[in-house]
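A quick write-up on the structure given underneath.
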Amino acid sequence: MVLSCEIQFNDNPLGTYFAGQTVLGRVIINTDKQSLVKAVVLKIRGYASTYWTESTTDSENKSETDEYTGHEDYIRSKVELLSAVGTDTAIAPGCHVYNFSCQLPTACPSSFEGSHGCVRYMITVKLIRPWKLDKTFSRAFTVLKVMDLNRDELLLRSPAHAESQKTYNCWPCNSEPLLLRLSLPHRGFVPGQSIPLDVLVANDSHIQVKEIKARLIMMVVYYCQNRMGTNNDRVVVSRKTGEGVHRSSKKQFTFELRVPATPPTCFDLCSIIQIGYQVEVEVKVKGWHINERLHLPVTIGNVPLTNKLIQQPRSVAYEVQVPLQQVDEKALVLVEAPNAALALPSPNPWAADDSIPPPTYAEAMHSSAAPAKRSSEEDTQSCIFKPLYTVFNISSPLDNGQCVTTRNGLAHEDVDRSTWF
């Protein structure tokens, strides 16, 4: 017997949705002979899960491993595609199509796959069979929190600066200072853009600077619920390197850090996984001296800053951040026609401004393996999945006709733009 099941999304082959939108799709079951089942159940799940272990050794050299877990549901709904009344029922040979509709909650965090946890959305079809193991078919899909940078434009449009000075011991006195200054023209960016960094290094010390490193770093904090504890990831998602600075000299650097496909900043919608970003500049010096670092926080969104100021917040209903709501167990329903919908189709987040070009979607560049163990039965389903994130084809703020260093006729991104003083 050959039995297959396919889960499709209507007019959305990539399976990418924004929180608050309606998921419309169909389940196609094919079998070449009659199959007995107790029931065929369609489920949709959206949840966050964290898991890690920590080992300790006591004075008697006995080791103990502690498990840290967390779980949070955003949507959990199911509907029966086929059910037996009293006895088992049969799936006749041929093709069987079931259309479904499900309204996503407005407060869903973005899909994410990390080394100690995930935010995952899945549709599962389970065939409950008599005297046999149940047969399960699953498909993960991407849900994105709407992060419109224009909602906090007064903050995100403003420039940011950081500065530090460091002196080095030179017996019997200290050296002159090494000045490091970092500047950003604004604080909000989307994948596909480049973050322009202006870095000034004034080296009045007697220590030579070997090189300058600029990085865009994603910081993930995982929380647990069964005990006190957190875990952290620090992922470099973009980097550039600049040449050194001699003693008693000054140099101005301009770096462009490309923002790859990456999830938006999220601190408020998930209580067990939080995601933030910062740009960091590190000055590497010769000898045993400690390197100097500066960092500035930035916000990564999926609706870019527009060229004009918005006088009022955007009016897209599902974009407004609200407290987490109770799980709607009846959100998933069957519909009679493929295009039937129980709610009006939600506009995309950039529909309010026709000057914003629609993005493409790309797989996450830095997804990690999922946790080895999960906190609930549904989480144990194996899933190799990389979320898709928006990527905009938007010119960098530095694309204003400046000369770009090239190699073999192509732009060479690893070369810094620098000026000696």
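A short reminder: the numbers here are calculations on the coordinates, not readings from a lab. Note that the structure is predicted; figures quoted are calculated from it, not measured. Ideal geometry is used to build each Cβ from the backbone, glycine not excepted, and the neighbour counts take in all protein chains shown.
Is the shape of the stretch 27-122 best called rounded, prolate or oblate, per the rule: a/c under 1.5 gives rounded, else a/b larger than b/c gives prolate, else oblate, with a ≥ b ≥ c the square roots of the Cα gyration tensor eigenvalues?
Since a/c reaches 1.5 and a/b is larger than b/c, the shape of the stretch 27-122 is classed as prolate.
May I ask you to list the lysines whose Cα is less than 20 Å away from that of Lys145, ignoring any residue fewer than eight positions away on the same chain?
Lys386
Which ³J(HN,Hα) values in Hz, rounded to whole numbers, follow from the phi angles of the stretch 240-249 under the Karplus curve 6.51 cos²θ - 1.76 cosθ + 1.60, where θ = phi - 60° and Gly and Pro get x?
Values per residue, Gly and Pro as x: 9, 10, x, 6, x, 10, 5, 5, 6, 9 Hz.
Mind checking which lysines have their Cα closer than 16 Å to the Cα of Lys43? Skip sequence neighbours fewer than 8 apart in that chain.
Lys78, Lys126, Lys135, Lys330
Between the stretch 202-237 and the stretch 243-300, how far is it from one alpha carbon centroid to the other, in angstrom?
Centre-to-centre (Cα) distance: 8 Å.
Across the stretch 149-304, how many lysine pairs, 8 or more positions apart or on different chains, have C-alpha atoms separated by under 16 Å? Please give the number.
For the stretch 149-304, the number of qualifying lysine pairs is 16.
List the chymotrypsin sites (Phe, Trp or Tyr not before Pro) within the stretch 62-133 that fall in a DSSP loop (any state other than H, G, I, E or B) and whose Cβ has at most 16 other Cβ atoms within 10 Å.
Trp131
Tell me, what HN-Hα J-couplings in whole Hz come from the Karplus equation 6.51 cos²θ - 1.76 cosθ + 1.60 at θ = phi - 60° for each residue of the stretch 19-36, using x for Gly and Pro?
Result, ordered by residue: 3, x, 7, 9, 8, 10, x, 8, 10, 10, 10, 10, 8, 9, 8, 4, 10, 8 Hz.
What do you get for trypsin sites (Lys or Arg not before Pro) in the stretch 120-208 restricted to DSSP loop and a cutoff of at most 12 other Cβ within 10 Å of the site's Cβ?
The qualifying sites are Lys132.
Less than 14 Å Cβ to Cβ from Gln8, Lys/Arg counted +1 and Asp/Glu -1: what total charge do the surrounding residues give?
0
Amide H of Ser115: which non-local residues (sequence gap of 5 or more, or other chain) have their own amide H closer than 5 Å, using H built in the peptide plane?
For Ser115, the qualifying residues are Ser368.
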